[in-house]
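Engineer: Have a look at this one before I ask anything.
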Amino acid sequence: AAAIRIDDLVFRWRPDAAPAVKLAKLTVDAGKSLFLHGPSGAGKSTLLNLLGGVLLPERGRIEVLGQVLGDLPAARRDAFRADHLGFVFQQFNLLPWLSALDNVLLPCRFSRRRAQRAGEPDAAARRLLAALDLDAAAHGAPAGELSVGQQQRVAAARALIGRPEIVIADEPTSALDAARQDAFIDLLLGEAKAAGSTVVFVSHDLRLAAHFDEKLALTVGADA
Ligand code: ADP
Ligand code: ADP
């Protein structure tokens, strides 16, 4: 089954601007990973926000897990996102005063479904952090005191907890050297695959494409 299905999508930030995203068709099957690339300004982040239902298209359909996002009222879209989508942001967006573990547990507080699917959330969070190679000694440390590489692992564990059907990662490796990027992506994809999660991974770095099942290139200034 398709986890994501896009038809005839157009999004503009202003009515008189060129489309920031224009995409005739995209299908991502459940459990697959998609690498979304293109230069700065190509609309990658905008497309991720459309997939999350944070933005709505001017034209076209975005179906996520069989649900047309534009058909949901705003509050239901927020709940849908919290229940079914996990996010890894470029700047990680951890709460620096909370421990690594408590950061990972946050989605379980925002979503009953994520909490239920995590089983025993605390144990699930520890297992994920360990699987993503975060030393147990760091689990209780305030997230703001961890290194960049450690924070990235915490952010990834937070996206994965409670087995969301879709994991969205926006340039989460840009702060790392090449070897660490590859290792991190393999861990992230391995855990996502084990959970059955579909992954959408954004980067401008085409070198990373080989890790992923599907690739999609976006270009700057899509024609109107
Ligand atoms: P990428 O993630 O590929 O760098 P973006 O989605 O950030 O691309 O940007 C695509 C286009 O949309 C760019 O022209 C950018 O200037 C514009 N854009 C992005 N965010 C906003 C915003 N909040 N308001 C207006 N224009 C925006
Ligand atoms: P938005 O783009 O509307 O701000 P969020 O980024 O808040 O959406 O939500 C994206 C995901 O992050 C959701 O799946 C949610 O479970 C989780 N989340 C929401 N708020 C927080 C938060 N303060 N800290 C960590 N995770 C959060």
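The values are calculated or read from the model by the stated rules, or taken from the named source; none is laboratory data. Being a predicted model, the structure only gives us computed values, none of them experimental. No Cβ is skipped: glycine too gets one built from the backbone with ideal geometry, and neighbour counts run over all protein chains shown. Quick note on the areas: whole protein, heavy atoms, side chains included, nothing else; ligands and nucleic acids left out. Shrake-Rupley method; radii C 1.70, N 1.55, O 1.52, S 1.80 Å.
Engineer: How many residues does region 60-74 contain that are modelled with pLDDT under 95 and open to solvent by 60 Å² or more (accessible area, probe 1.4 Å)?
Structural biologist: The qualifying residues number 0.
Engineer: Identify all residues within region 170-206 that are crowded, with 16+ Cβ neighbours inside 10 Å, in a loop (DSSP other than H, G, I, E, B) and at pLDDT 90 or above; write none if there are none.
Structural biologist: SER197
Engineer: Pick from ALA125, ALA155, ALA159, ALA209: which is closer than 21 Å to LEU65 by Cα, in a helix (DSSP H, G or I), open to solvent by less than 30 Å² (accessible area, probe 1.4 Å) and not acidic (Asp, Glu)?
Structural biologist: When all the criteria are applied, what remains is ALA159.
Engineer: Can you pull out the residues in region 24-57 that are away from ligand 2 (no atom under 16 Å from the Cβ) and among the charged types (D, E, K, R)?
Structural biologist: Of everything in region 24-57, those that are away from ligand 2 (no atom under 16 Å from the Cβ) and among the charged types (D, E, K, R) turn out to be LYS25, ASP29, LYS32.
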